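Report on the following structure.
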Amino acid sequence: MLNQNQLKEIVALQNICEEHEGITLKLNWDMLEHRTGENDDYFLYSGENLIGFLALYGFGDQYELCGMVHPGHRGMGIFKDLLKKALISLKYRNAGSLLINIPGTSVSGKTFVKSIDADYDFTEYEMKWEPGSPLALSESVMTRGMTEDDIPLCISLDIDCFGQSRSDAEAMLKQMLTEQGQKSMMIEADGETVGKIRVQRIKGQSFIYGFAIDPKYQRRGIGRKALSYVVSEESKWTDDIFLDVAAENSHALKLYESSGFRTIYSQDYYHYKL
């Protein structure tokens, strides 16, 4: 568990790095603030100042990595040293894969992944809803709270819609159910349960995750109506509504754009062979 002083140090370094390169780092603050493990975060100090930080995020046996080095201390092998320590930890966890996440416009990040021979995997867009955008509301499509009886369907949707293995889908669902400030919902159309969606509220902002429609019910306009319903509900308390989408998922990208979401920045993911 990270203490309040460590969290403040991470924020301070993040602000310096983002301002220096004009980027947005995806440090998954919802996870950093609720750490349970002891080997997920790596720090390097110069005196009392934090100059390097690396974080691991586990999703089943799949891991993601993000981090940063103070602009005045780059080119000294700091992040490579932090990575070596993280890789030792992953070895003992029998991790299946590792993705390194860097901002799409980060020159220093791309220089680093090239130096360690990481392979480009995909790009993810962070999108934000434009307040006042027209919504496709329908009385036939709405949401309800997820119950224990919905767990098998949620796992099947993650397998069918996101290509996850059953073990990863089960592990991620278990982790998701323990996260604070989140609301897991099932999507219903004409009384039938056809999908799922999750909303997490953090510091006056809403983040939409895990949005999936059963393939049998796709391309009927249900997805847009369901998203419109959720956005309508969230917009009652905030104008800051966000979601992520992989660049290759052109169908989802068009759906989000038609619902008033616009890309604000991108994150590139690189696969590092363990």
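Brief remarks on what is shown
- Per-region count, region 140-163, residues modelled with pLDDT under 90 and in contact with a Gly (Cβ under 8 Å, 6 or more places away or on another chain): 0
- Selection status of Phe122, among the aromatic types (Phe, Trp, Tyr) and not assigned by TED's automatic domain parsing to the domain that holds Leu83: yes
- Any hit, region 230-247, residues being closer than 24 Å to Tyr270 by Cα, assigned to a loop (DSSP other than H, G, I, E, B) and of a type outside the set (Lys, Arg): yes
- Gly181 vs. criteria under 29 Å from Tyr63 (Cα atoms), among the small types (Gly, Ala, Ser) and in contact with a helix residue (DSSP H, G or I) (Cβ under 8 Å, 6 or more places away or on another chain): yes
- Odd one out for Gln164, checked against (1) more than 25 Å from Arg224 (Cβ to Cβ); (2) within 16 Å of the chain's Cα centre (by Cα): (1)
- Number of residues in region 201-223 that are at pLDDT below 95, charged (D, E, K, R) and in contact with a helix residue (DSSP H, G or I) (Cβ under 7 Å, 6 or more places away or on another chain) equals 0.
- Any hit, region 209-218, residues being in contact with a Cys (Cβ under 7 Å, 6 or more places away or on another chain), crowded, with 21+ Cβ neighbours inside 10 Å and of a type in the set (A, V, I, L, M, F, W, C): yes
- Residues located in region 229-258, provided they are crowded, with 20+ Cβ neighbours inside 10 Å and touching a Pro at 6+ places or on another chain (Cβ under 9 Å): Ile241
- Residues being of a type outside the set (Asp, Glu) and closer than 20 Å to Ile23 by Cβ - total across region 81-121: 22
- Which numbered condition Tyr270 fails, given (1) within 30 Å of Leu90 (Cβ to Cβ); (2) part of a helix (DSSP H, G or I): (2)
- On inspection, Ser97 does not qualify as out of contact with any strand residue (DSSP E or B) (no Cβ under 7 Å at 6 or more places or on another chain) and either assigned by TED's automatic domain parsing to the domain that holds Ile16 or of a type in the set (Ser, Thr, Tyr) (or both).
- Residue match in region 187-197 (condition: crowded, with 22+ Cβ neighbours inside 10 Å, touching a helix residue (DSSP H, G or I) at 6+ places or on another chain (Cβ under 7 Å) and polar (S, T, N, Q)): no
- Helices (runs of 4 or more DSSP H) fully within region 1-97 counting 1 or more residues that are surrounded by 14 or more Cβ atoms within 10 Å (Cβ to Cβ) and of a type in the set (S, T, N, Q): 4-21, 78-93
- For region 170-186, residues that are crowded, with 16+ Cβ neighbours inside 10 Å and under 15 Å from the mean Cα position of the chain (by Cα) total 4.
- Single residue of region 259-268 satisfying the filter (surrounded by 15 or more Cβ atoms within 10 Å (Cβ to Cβ) and not polar (S, T, N, Q)) that is farthest from the chain's Cα centre (by Cα): Gly260
- Scan of region 219-250 for residues that are without any contact (Cβ under 8 Å) to a residue 24 or more places away in the chain and either under 19 Å from the mean Cα position of the chain (by Cα) or closer than 30 Å to Ser115 by Cβ (or both), ordered by number: Asn249, Ser250
The values are calculated or read from the model by the stated rules, or taken from the named source; none is laboratory data. Remember, it's a predicted structure, so these values are computed and weren't measured experimentally. With ideal geometry, Cβ positions are generated from the backbone for all residues, glycine too; neighbour counts draw on all protein chains shown.
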